[in-house]
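Read the structure below first, then the notes.
What follows is calculated from the coordinates using simple rules that are stated; it is not laboratory data. Predicted model only: the values in this text are computed from it and were never measured. Every residue, glycine among them, receives a Cβ derived from its backbone with ideal geometry; neighbour counts consider all protein chains shown.
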Amino acid sequence: MALGLNTSTNGADFIPHIRYDARAGRLFRADRAQGSDGRWETTMVDITTPPPQFLMDLAQIEVGWLSYAGGTPDLRMVPFGTPLPPVPSKDHKQGFRVRVYAPKLLGGLREFASSAKVAIAAMDAVHSQFEAAPERGQGLVPVVSFVGTTPVTTKTPQGSSTNYAPVFRIEKWVTRPADLPIGAVPTAATATASAPAQPPAAPPRHVSPPAPVAPPAPAPAAAPAPALATHDTEF
């Protein structure tokens, strides 16, 4: 797949994140707030409906090793195209990390990381679309929608289980905003060290996943070029 990992530290600020729950097929915004007692708390805000849109910095996507053992994230990431480092521990799994940006929906810049196989497959697909698009060569950034899910059932000796693969779609392309600069990708070790210590967030309450997404209809031969915008003002 087209992604990478990083292990160095450079003092960059911790970036808040969004989280995908593959078992429920839901996308959440993790909002952090410090209480009067000085302790940090995380509130998971479901942003699945209506279908969310955000800029996705696929030009600087990273891949590597992720572990959430003990409730503390440990991400060892390198830029796409860089060989993966040795696996740090038995708790680490292959995954990705990418920056996303939406002033209204996300409050600005966040990161999205996952080691879930269904999420990796979905990210691999949208990254392939990004690589093939002519807008990539123009330095534009894709606006990506989370449009739904596809159920994936796996059979194991213990029985069958169903996860929900996210479906991402590039809607259009925009000029790169100043808040999403090139060359400012935070390192995994930095993000882990800078994040306030916290217990594992309580799992979100169960809700039905979005409706499965039907395959898109073939585009007409004379389909217009994707719309371009000069600035991200819609979300």
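When we measure straight from the Cα of Lys155, which lysines land under 29 angstrom away, once same-chain ones fewer than 8 places off are left out?
Once the sequence-local lysines are set aside, what remains near Lys155 is Lys90, Lys93, Lys117.
All other residues with a Cβ under 11 Å from the Cβ of Gly95 taken together, and with Lys, Arg as +1 and Asp, Glu as -1, what is their net charge?
Values: positive: Arg76, Lys93, Arg97, Lys117; negative: Glu62.
Once positives and negatives cancel, what remains is +3.
List the residues, sorted by chain then number, that are 5 or more residues from Val143 or on another chain and whose placed amide H is less than 5 Å from its amide H.
Glu171, Lys172, Trp173, Val174
List, in order, the whole-Hz ³J(HN,Hα) value for each residue of the range 32-42 obtained from phi through the Karplus relation with A = 6.51, B = -1.76, C = 1.60 and θ = phi - 60°; use x for Gly and Pro.
9, 9, 9, x, 5, 8, x, 7, 8, 10, 10
Are there any trypsin sites (Lys or Arg not before Pro) in the range 86-176 that are in a DSSP loop and have at most 10 other Cβ atoms within 10 Å? List them by number. Working shown, then result.
Values: sites: Lys90, Lys93, Arg97, Arg99, Lys104, Arg110, Lys117, Arg136, Lys155, Arg169, Lys172; in loops: Lys90, Lys104.
Here the sparse-neighbourhood loop sites are Lys90.
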